[in-house]
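Below is one structure, written out as structure tokens; comments come after it.
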Amino acid sequence: MQRNLKIIGISILGSIVLELQCYFVCANYTDKWAVRIEGGEEVARNVAVQYGFTYFGPIIDDYYTFVHRKVAKRSLYPSSYYHRSLASDPKVKWIEQQVGRRRVKRGFRDFNDPKWSRMWYLNRGQGLDMNVRAAWELGITGKGVVVTILDDGIEKDHPDLKDNYDEKASYDVNGHDPDPQPRYDFSNENRHGTRCAGEVAAQADNYICSVGIAYDARIGGVRMLDGDVTDSVEAQSLSLNPQHIHIYSASWGPDDDGRTVDGPATLARKAFYDGITRGRGGLGSIFVWASGNGGRDFDSCNCDGYTNSIYTLSISSATENGNIPWYSEACSSTLATTYSSGSGGERQIVTTDLRRSCTETHTGTSASAPLAAGLCALALQANPMLTWRDLQHIVVMTAKPFNLHDSDWITNGVGRRDQAHHFQFLDKSIFSKGLYARLKMYIHMSSASLSFESSKGKQMTKKNNCLSREFNKWLH
């Protein structure tokens, strides 16, 4: 009896396997035939009727579709009987029973990552997200761009990060070794860098956790916050491998207590300057900085020398509902905002977490800056020849005030909308002022003209070496 049950089980399993194999490789024969008959439609119609087929209409010159009502609309096997009968007619020069073929749309489709549906800031559409789908559909996914997270380390073996991990963009400054793996403790205190890294470059379509905004970018991490943070530690972190790393993302700074005025010291200031003058082959390293979370204590990011530096892209936050979050700091040095957490009831940011896990609770401007770094990665894939000033200019010119709710918006001297909290909302328009043709696009900004070619290696052109006097009004 057991043997019989085993045989039955094996037979059922074999049938399932066979059916699965046929699903992928067996033909789906239809009830339609393509037939070549010379002499016109009337001749074709008569032949169809003679052999019991229904004339369905022309395909191209001398080719017609016939349908047989006694043949199944879908079958794993061809209908040899009706095929041979029709093929025997001397008027039929060629015949083929039509097979249903699998074809897929090459537009954007939803990802299989389990938290993708929860990533409201990337997928809710209608102008209420980061608007990156249009970029992804054009193949702009951060490929070829290297981003590093300056923080408390990065879990390099996280299953959603490991395939994009870049050891050349990583270092443990605190421990003086090449491994940026965070230090584990009971409270998971050193989760910050891993969370920021996932926002940028979590792998897409791998059935794990989330999707990075630049999911084909290379990601590294510098462990530099888990110890004494000195001027030399900051400088070493900011100047790591500047000919390999394109973008440095930092979500830290002085105390956001409303009393502290502080900024980079001698070596860090030199690292910033060297980065923008020598990094990326002279095009300049991109430094993306979180503007701070001291709003409750009336802190001002103007008093933070990192976000207030002309060399950094200072990024603040907007909530799910487009409001100013309670932690936001009001200052004129902020160039743009991206989405992050808000008050109770508003959703937060989804990303990778420590111990190879996933979270839906990343918060603050700490979560906003990596999203901006990911957008910068998209921009640099679209045009690798952008300088650090070009990118700042594009951020200012393409950020939008849409869906940001506040009463103190003003129009500044160069026609851009501004306010004390932030400088408009940043989305995928950072790399174009609208959808662009796949192989070529142009952006005209004041007297500057940037020519964007495809990402297949052609030299990009840039007219007017500087970006006009107009841009200096924003920098200074």
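List of remarks:
- With respect to the conditions (1) assigned by TED's automatic domain parsing to the domain that holds residue 287; (2) out of contact with any Pro (no Cβ under 9 Å at 6 or more places or on another chain), residue 111 falls short on a single one, namely (1).
- Among all positions in region 99-117, there is at least one residue which is more than 30 Å from residue 248 (Cα to Cα) and modelled with pLDDT of 90 or more.
- Residue check, residue 361 touching a Lys or Arg at 6+ places or on another chain (Cβ under 6 Å) and either touching a residue at least 60 places away in the same chain (Cβ under 8 Å) or outside any helix (DSSP H, G or I) (or both): no
- Number of the exception - residue 210 against (1) assigned to a loop (DSSP other than H, G, I, E, B); (2) of a type in the set (Gly, Ala, Ser); (3) in contact with a His (Cβ under 8 Å, 6 or more places away or on another chain): (3)
- Answer residue from region 364-399, given it is under 24 Å from residue 119 (Cβ atoms) and without any contact (Cβ under 8 Å) to a residue 60 or more places away in the chain and is surrounded by the fewest Cβ atoms within 10 Å (Cβ to Cβ) among those: 398
- Tabulated pairs, region 263-275, first at negative phi, second surrounded by fewer than 17 Cβ atoms within 10 Å (Cβ to Cβ) and of a type in the set (D, E, K, R), C-beta under 6 angstrom, 6+ apart or interchain: 265/231; 267/231; 268/231
- Residues that are of a type outside the set (Gly, Ala, Ser), exposed (fewer than 15 other Cβ atoms within 10 Å of the Cβ) and touching a residue at least 12 places away in the same chain (Cβ under 8 Å) within region 64-90 comprise 69, 70, 73, 74, 76, 77, 78, 89, listed in sequence order.
- Contacts under 8 angstrom Cβ, first residue in region 138-159 being on the phi > 0 side of the Ramachandran plot and assigned to a loop (DSSP other than H, G, I, E, B), partner acidic (Asp, Glu) and modelled with pLDDT of 95 or more, 6 or more apart: 142/216; 153/172; 153/226
- Qualifying residue in region 185-203 (condition: under 13 Å from the mean Cα position of the chain (by Cα), more than 22 Å from residue 289 (Cα to Cα) and not aromatic (Phe, Trp, Tyr)): yes
- So residue 229, is it free of Cβ contacts under 8 Å to residues at least 24 places away in the same chain, assigned to a loop (DSSP other than H, G, I, E, B), in the same structural domain as residue 312 (by TED's automatic domain parsing) and not charged (D, E, K, R): yes
- Criterion: surrounded by 20 or more Cβ atoms within 10 Å (Cβ to Cβ) and in the same structural domain as residue 351 (by TED's automatic domain parsing) - qualifying residue of 220, 139, 144, 175: 220
- Out of 379, 336, 330, sole residue that is in contact with a strand residue (DSSP E or B) (Cβ under 7 Å, 6 or more places away or on another chain) and in the same structural domain as residue 120 (by TED's automatic domain parsing): 336
- Residue count for region 178-204, restricted to those that are part of a loop (DSSP other than H, G, I, E, B) and either aromatic (Phe, Trp, Tyr) or in contact (Cβ under 8 Å) with a residue 12 or more places away in the chain (or both): 11
- Scan of region 88-100 for residues that are basic (Lys, Arg) and outside any loop (DSSP other than H, G, I, E, B), ordered by number: 93
- Inspection of region 192-202 identifies no residue that is surrounded by fewer than 24 Cβ atoms within 10 Å (Cβ to Cβ), among the aliphatic types (A, V, I, L, M) and either closer than 17 Å to residue 387 by Cα or at pLDDT 95 or above (or both).
- Matching entry among 146, 132 (being of a type outside the set (Phe, Trp, Tyr) and modelled with pLDDT of 95 or more): 146
- Residues satisfying the stated conditions in region 303-318, i.e. of a type in the set (A, V, I, L, M), closer than 14 Å to residue 285 by Cβ and part of a strand (DSSP E or B): 313
- Within region 268-296, tally of residues that are polar (S, T, N, Q), farther than 16 Å from residue 243 by Cβ and part of a helix (DSSP H, G or I): 0
- Residues in region 283-297 include at least one that is within 30 Å of residue 323 (Cα to Cα), surrounded by fewer than 22 Cβ atoms within 10 Å (Cβ to Cβ) and of a type in the set (D, E, K, R).
The values are calculated or read from the model by the stated rules, or taken from the named source; none is laboratory data. All values reported here derive from a predicted model rather than from experimental measurement. We place every Cβ from the backbone using ideal geometry, glycine too, and count neighbours over all the protein chains shown.
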